[in-house]
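Take a look at the structure below.
The values are calculated or read from the model by the stated rules, or taken from the named source; none is laboratory data. On a predicted model such as this, the values are computed, not experimentally measured, just so you know. Virtual Cβ from ideal backbone geometry, glycine too; neighbours counted across all protein chains shown.
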Amino acid sequence: MKKLFVVVMAMAIMLGVLAPVVLQADTASACALGLSPGYWKNHTEAWPVQYSPDDNFDVVFGVTGNGGLTLMQALRTGGGGFDALNRLAVASILNANSVPDALSEADVLMFVRHAYNYPEDCEYMKDVLESNID
């Protein structure tokens with residue numbers, strides 16, 4: 001049942017984000033996807049004022065298990081699994097507050113918290129976040 005919920009929510013969000021692109025594909029006003037983790041890692045001056053590179057990842061996302069990991073450390077971490085999810089989560093939360101048509105902050109928090117509550121869904125939640133980043 002939880003998988004169905006996740007799939008339905010992801011599809012609804014994806015359609016909401018991608019529909020304007022499909023509908024406006026032949027125009028110059030097609031919406032852009034969010035900025036990459038690499039962009040945010042290298043452009044801290046562009047971060048929304050409510051976030052700092054030194055903010056604790058677990059506090060920002062309402063999860064546990066990362067110790068004192070900061071948002072910047074999450075962006076700098078290589079690898080897959082939760083490391084990849086964390087990188088994309090930071091980029092997505094910054095995009096939510098900076099990039100028009102990006103996933104909302106509430107959606108990003110929902111996806112990240114779901115992955116931490118159901119670790120078997122980590123890869124899927126990572127893919128959802130990644131599909132919304134340019």
Open item on the list: One residue is enough: does region 37-44 have a residue meeting the conditions under 21 Å from E120 (Cα atoms) and either at pLDDT 95 or above or in a helix (DSSP H, G or I) (or both)?
Closed with: no
Open item on the list: Cβ-Cβ distance below 8 Å, separation of 6 or more or different chains: which pairs start in region 120-132 with a residue that is under 14 Å from A89 (Cβ atoms) and without any contact (Cβ under 8 Å) to a residue 12 or more places away in the chain and end on one that is aromatic (F, W, Y) and buried (at least 24 other Cβ atoms within 10 Å of the Cβ)?
Closed with: none
Task: Odd one out for D127, checked against (1) under 12 Å from the mean Cα position of the chain (by Cα); (2) modelled with pLDDT under 95; (3) acidic (D, E) - done: (2)
Task: Pairs with Cβ under 6 Å, 6+ apart, first in region 39-62 and on the phi < 0 side of the Ramachandran plot and surrounded by 13 or more Cβ atoms within 10 Å (Cβ to Cβ), second of a type in the set (A, V, I, L, M, F, W, C) and in a loop (DSSP other than H, G, I, E, B) - done: F57/L69
Open item on the list: It is to be established whether one or more residues within region 56-70 are more than 15 Å from the chain's Cα centre (by Cα) and in a helix (DSSP H, G or I).
Closed with: yes
Open item on the list: Considering only region 101-118, I want to know if a residue exists there that is exposed (fewer than 14 other Cβ atoms within 10 Å of the Cβ) and touching a residue at least 12 places away in the same chain (Cβ under 8 Å).
Closed with: no
